[in-house]
1. Return yes when residue 228 is surrounded by fewer than 23 Cβ atoms within 10 Å (Cβ to Cβ), under 21 Å from residue 476 (Cα atoms) and over 12 Å from the mean Cα position of the chain (by Cα) and no when it is not.
2. If residue 198 satisfies all but one of (1) more than 16 Å from ligand 2 (Cβ to nearest atom); (2) on the phi < 0 side of the Ramachandran plot; (3) modelled with pLDDT of 95 or more, what's the number of the condition it fails?
3. Within region 391-420, how many residues turn out to be away from ligand 2 (no atom under 16 Å from the Cβ), under 33 Å from the mean Cα position of the chain (by Cα) and assigned to a loop (DSSP other than H, G, I, E, B)?
4. Determine, yes or no, whether residue 168 is within 16 Å of ligand 2 (Cβ to nearest atom), in a loop (DSSP other than H, G, I, E, B), on the phi > 0 side of the Ramachandran plot and surrounded by fewer than 19 Cβ atoms within 10 Å (Cβ to Cβ).
5. Given the condition within 13 Å of the chain's Cα centre (by Cα) and either surrounded by 20 or more Cβ atoms within 10 Å (Cβ to Cβ) or part of a helix (DSSP H, G or I) (or both), answer yes or no: does some residue in region 423-445 qualify?
6. List every residue pair whose Cβ atoms sit under 6 Å apart, with the two residues 6 or more apart in sequence or on different chains, where the first one lies in region 251-268 and is within 14 Å of residue 401 (Cα to Cα) and the second, anywhere, is at pLDDT below 95.
7. Test each condition in (1) touching a helix residue (DSSP H, G or I) at 6+ places or on another chain (Cβ under 6 Å); (2) within 15 Å of ligand 1 (Cβ to nearest atom); (3) in a helix (DSSP H, G or I) for residue 240 and report the one that comes out false.
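The values are calculated or read from the model by the stated rules, or taken from the named source; none is laboratory data. Please read all numbers here as calculations on a predicted model, not as lab measurements. Neighbour counts are summed over all protein chains in view; Cβ atoms, including those assigned to glycine, are modelled from backbone coordinates with ideal geometry.
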Ligand code: ATP
Ligand code: MN
């Protein structure tokens, strides 16, 4: 018989029909009750094994084993479920080596421990919930933009340009690391490399997306990005996914509206489609918070937090206002900040978190940053000191979105590139957009994993990507 998903059986609550289910044993008690899970839902279905089942089979029904069950869906007498499966035939698909199987369901394994056990991680309730939510959010990204007529543009992963001008890129080469061809001056001769030049993994698809926006009006990218920054934090990965919409004719205010709508859409999509997973994650958070001292516990549960964000407008302030708030804060006066505050600094994570978590208690959009701490392509404001940048800061996360209105005026852009020592000759293809029908336009980058962190309430970014890559770690 065709396999039925456990989710469908539990959702429909119908009874008295025959099914085949397949999955992995979560637990087996009293030689009779199997809790079976197939990943389609956080919930297990209870399979009741008849007492005359072959003893050789019963012995092999251990946690982790994979099985196929033919049986009848019947009303359950037990608590906690409306329906269960009365097994007629149980077949072992794959035994589980119980001696080596590390999952002790009784004491919950730590997230760090699970990161090291690739085969087990996905099978836990926590990671099952996280990655189903991640999937939904990815789907919602495409749905949001598709519904609004954006074109999904695949920007290159191997690139010769450094979008941010910040370095920190992974080199892509087929040259021998031990014995690369050299030029006369002793430097590596990349003209002999695969692409005939020095290439890297992309840090952002923005510059290429801008070319798309100059034809389709609205485009977005959603792909992997790579940063060789040696920041071993709970918010940075070396390989992460980024969503970058780019819209012709939008100014910085349209850009803020788009980003706020987008974030809210993603949250509401997950709330609607992943209710049970989110409730499980909310409970996990409650349990985790219990370990913390009272003062550090968050005031809101996960679901309340998401609802709160949905129902409130993001605060919008300028960088200059943000600095004033920080300078007047009790935290500053009591010298609680590690990094100094003055106009011109790049806001540190502690400053961002003060603004969102203590002062406004909701997401904040900061605009008008000093030009010297932002990228060359951001549009210069009238004051000649600040640019039309916007960062969105989220509670518990810090920066979740970085964006700007772009400098569409060729002379201003060239001037800025010269000041920042960005080689204009190599960027001719980008500057061409300003030569042949330039228009005001704006866009932003949303770090997908930071969004997943926010929605799942997890605290370490390594726990929301299936196979995390961080400094000194590229296992599996
Ligand atoms: P941060 O200051 O947090 O390092 P950034 O200023 O380098 O961020 P951008 O270059 O503006 O970030 O990238 C756009 C978005 O990509 C960020 O708002 C963030 O959500 C995400 N992001 C940036 N770097 C990383 C990283 N190393 N790992 C995961 N997400 C990241
Ligand atoms: Mn960074």
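1. Yes; evaluated as a whole, the condition is true for this residue.
2. Going through (1) more than 16 Å from ligand 2 (Cβ to nearest atom); (2) on the phi < 0 side of the Ramachandran plot; (3) modelled with pLDDT of 95 or more one by one, residue 198 breaks only (3).
3. The qualifying residues number 5.
4. Yes.
5. There is at least one residue in region 423-445 that is within 13 Å of the chain's Cα centre (by Cα) and either surrounded by 20 or more Cβ atoms within 10 Å (Cβ to Cβ) or part of a helix (DSSP H, G or I) (or both).
6. none
7. (3)
Yes/no matrix, rows are residues, columns are (1) out of contact with any strand residue (DSSP E or B) (no Cβ under 6 Å at 6 or more places or on another chain); (2) over 30 Å from residue 254 (Cα atoms):
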| site | (1), (2) |
| --- | --- |
| 288 | yes, yes |
| 301 | yes, yes |
| 311 | yes, no |
| 316 | no, no |
| 321 | yes, no |
| 330 | yes, yes |
